[in-house]
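To start, the structure itself, in structure tokens.
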Amino acid sequence: MYGKSIRMERIIDRKTGNSVIVPMDHGVSIGPVEGLINMKKAVDDVANGGATAVLMHKGLIRFSHRNFGKDIGLVLHLSASTDLGVTSRDKTLVASVAEALKIGADAVSVHVNVGAETEADMLYDLGMIAEECAEWGMPLIVMAYPRGPSIKDSYDPDAVAHAARVATELGADIVKCSYTGDIDSFKKVVRGALAPVVIAGGPKMKSDLDILNMVYDSLQAGGKGVSIGRNVFQHSNVEMMMRAISDIVLHGATVKEAHKLIK
């Protein structure tokens, strides 16, 4: 397991064990979006702002990763679906662990929608990927969300906790899930997940303070970092927004201290 430990250190902060990951896989789901056109600049901005890793599909790496700025970890995303499809909640595998090793990725990620119509297929794929990750010493991040016809509220703490626990039990080294809105309820998610938990950023939020408060509160609940995309790479000052979040996650800054950087 030395390989997995060594690679994990490339996507986390060694002092704190926390992660600041910026997902940039949105193009497959929703098409070309603001902030993800000039990919070299996008990666350089978040790297210079203190991110520990970026996450993307294999085709983007040649246009972006490790350009001229600060070095940064690479997570290869293995799952995909498009919002144009009839079954957008059905994530299918579009890359492999072997491909990630050839590319030089430091970790892989898989997306599972717990409760979706094709949940069984996604769980099967996750199990097989976890086996390959264990075999080859590749860290596995699992994005686990309660989404499906019977899910009334995808932020419901019990549902989020269930999805997070599924991710851990099937082999996740890091679990990515939604923040449940308050410290007490998210404590239960973190406690039940067992594996380190990072929060998703979700849709574009109303204000910088909303984002920073969410990040800070998730850490108070026991979270181990963030995996925030649109609220970073679509910001008017990407590097400063990234620095504010990184200061909270990696250096223990308060919301007030971090917000001064943006202002």
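The values are calculated or read from the model by the stated rules, or taken from the named source; none is laboratory data. These figures come from a predicted structure and were not determined experimentally. Cβ placement follows ideal geometry from the backbone for every residue including glycine, while neighbour counts extend to all protein chains displayed. Accessible surface is based on the protein model in full, side chains and every heavy atom, while ligands, DNA and RNA are left aside. Shrake-Rupley method; radii C 1.70, N 1.55, O 1.52, S 1.80 Å.
With a cut-off of 14 Å between beta carbons, the residues surrounding ASN113 carry a summed charge of -2, where Lys and Arg count +1 and Asp and Glu -1.
By DSSP, the beta bridges lying fully in segment 1-117 are antiparallel in about 15 percent of cases. Full extension of the segment from ARG62 to ASP210, taken as 0.36 nm per residue of separation minus the current Cα-Cα distance, would add 49.9 nm.
Ranked from largest to smallest solvent-accessible area, with a 1.4 Å probe on the protein heavy atoms, LYS102, LYS188, LYS256 come out as LYS102, LYS256, LYS188. Exceedance of the 28 Å cut-off in Cα-Cα distance is limited, within the set LYS58/LYS256; LYS70/LYS187; LYS188/LYS260; LYS204/LYS256; LYS41/LYS102; LYS70/LYS204, to LYS58/LYS256; LYS70/LYS187; LYS188/LYS260. Under a Gaussian network description of the chain, with springs only between Cα atoms under 10 Å, the residue in HIS111, HIS77, HIS251 that fluctuates furthest is HIS251.
Give the calculated FRET efficiency between LYS40 and GLU131 to the nearest 0.05, with a Förster radius of 30 Å applied to their Cβ-Cβ distance. Rounded to the nearest 0.05, the efficiency is 0.30. Under 17 Å of direct C-alpha separation, and excluding same-chain neighbours fewer than eight residues apart, LYS206 reaches these lysines: LYS263.
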